[in-house]
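Novice: The structure's right below; bear with me while I get my questions together.
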């Protein structure tokens, strides 16, 4: 008989968990990302850099972070503390290989959990999946807008799983995301 894993067991066994519809409303991120027209002249590297965001959007990001933290603490019955947050666009080619984000200089090098929030949906047709490998199994996931994927980034569990991001098939498809970096408390 198959054992049903709790969210924390799933997270510790597979290295990730996906939660749907974390935020019930769209954030107003108008002006925070390049327009589709501006994207045509940008390199992939320019598109994938962490972006600065204005003060009004920072307030929305902080509100979203509280919702995400509450949801994670409820799912795992454990407390977390925010370390940093960022927004970016597209799929970074450097993330297309299997990796673990615990290398010096990586975005989440000291985070126990890396949470990616999707402003836009991705699909098999668009590319931009997030893939996980654990215990000889590979899974591809295509999150919808408002979904989050929580990646286990604990140093003591490195090597049990890895992840990668598939490149977008069309660089004008929107894959706008926010990242939240947490430590267990």
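Novice: Please go through region 168-185 and give me each residue that is part of a loop (DSSP other than H, G, I, E, B) and surrounded by fewer than 16 Cβ atoms within 10 Å (Cβ to Cβ), ordered by number.
Specialist: 169, 170, 172, 185
Novice: Just to verify a result, which residue in region 102-134, among those that are at pLDDT below 90 and out of contact with any strand residue (DSSP E or B) (no Cβ under 6 Å at 6 or more places or on another chain), is surrounded by the most Cβ atoms within 10 Å (Cβ to Cβ)?
Specialist: So the residue we want is 102.
Novice: On the given criteria, is residue 46 surrounded by 11 or more Cβ atoms within 10 Å (Cβ to Cβ), out of contact with any helix residue (DSSP H, G or I) (no Cβ under 8 Å at 6 or more places or on another chain), assigned to a helix (DSSP H, G or I) and modelled with pLDDT under 85?
Specialist: Taking the combined requirement at face value, the residue satisfies it.
Novice: When region 1-34 is examined, which residues are found to be farther than 17 Å from residue 178 by Cα, out of contact with any helix residue (DSSP H, G or I) (no Cβ under 7 Å at 6 or more places or on another chain) and part of a loop (DSSP other than H, G, I, E, B)?
Specialist: 1, 2, 3, 4, 6, 15
Novice: Of all residues in region 67-92, how many are touching a strand residue (DSSP E or B) at 6+ places or on another chain (Cβ under 9 Å) and part of a helix (DSSP H, G or I)?
Specialist: Looking only at that region, the number is 7.
Novice: Moving on to the next point. Residue by residue through region 32-43, note down the ones that are in contact (Cβ under 8 Å) with a residue 24 or more places away in the chain and either surrounded by 11 or more Cβ atoms within 10 Å (Cβ to Cβ) or within 19 Å of the chain's Cα centre (by Cα) (or both).
Specialist: Answer for region 32-43, where residues must be in contact (Cβ under 8 Å) with a residue 24 or more places away in the chain and either surrounded by 11 or more Cβ atoms within 10 Å (Cβ to Cβ) or within 19 Å of the chain's Cα centre (by Cα) (or both): 32, 33, 34, 39.
Novice: Checking the conditions here, which among 146, 164 is part of a strand (DSSP E or B) and closer than 27 Å to residue 123 by Cβ?
Specialist: Matching residue, one of 146, 164: 164.
Novice: Please work out which residue is farthest from residue 130 (Cα to Cα), limiting yourself to region 1-23 and to residues that are free of Cβ contacts under 8 Å to residues at least 60 places away in the same chain and loosely packed, with under 10 Cβ neighbours inside 10 Å.
Specialist: Looking at the filtered set, the residue picked out is 1.
Novice: Something else now. Hey, does region 59-67 have a residue that's touching a helix residue (DSSP H, G or I) at 6+ places or on another chain (Cβ under 8 Å), within 22 Å of residue 130 (Cα to Cα) and at pLDDT 85 or above?
Specialist: Checked region 59-67: no residue is touching a helix residue (DSSP H, G or I) at 6+ places or on another chain (Cβ under 8 Å), within 22 Å of residue 130 (Cα to Cα) and at pLDDT 85 or above.
The values are calculated or read from the model by the stated rules, or taken from the named source; none is laboratory data. Just so it is clear, the model here is predicted, and its values are computed rather than measured. Note that we place each Cβ from the backbone using ideal geometry, even for glycine, and neighbour counts take in every protein chain shown.
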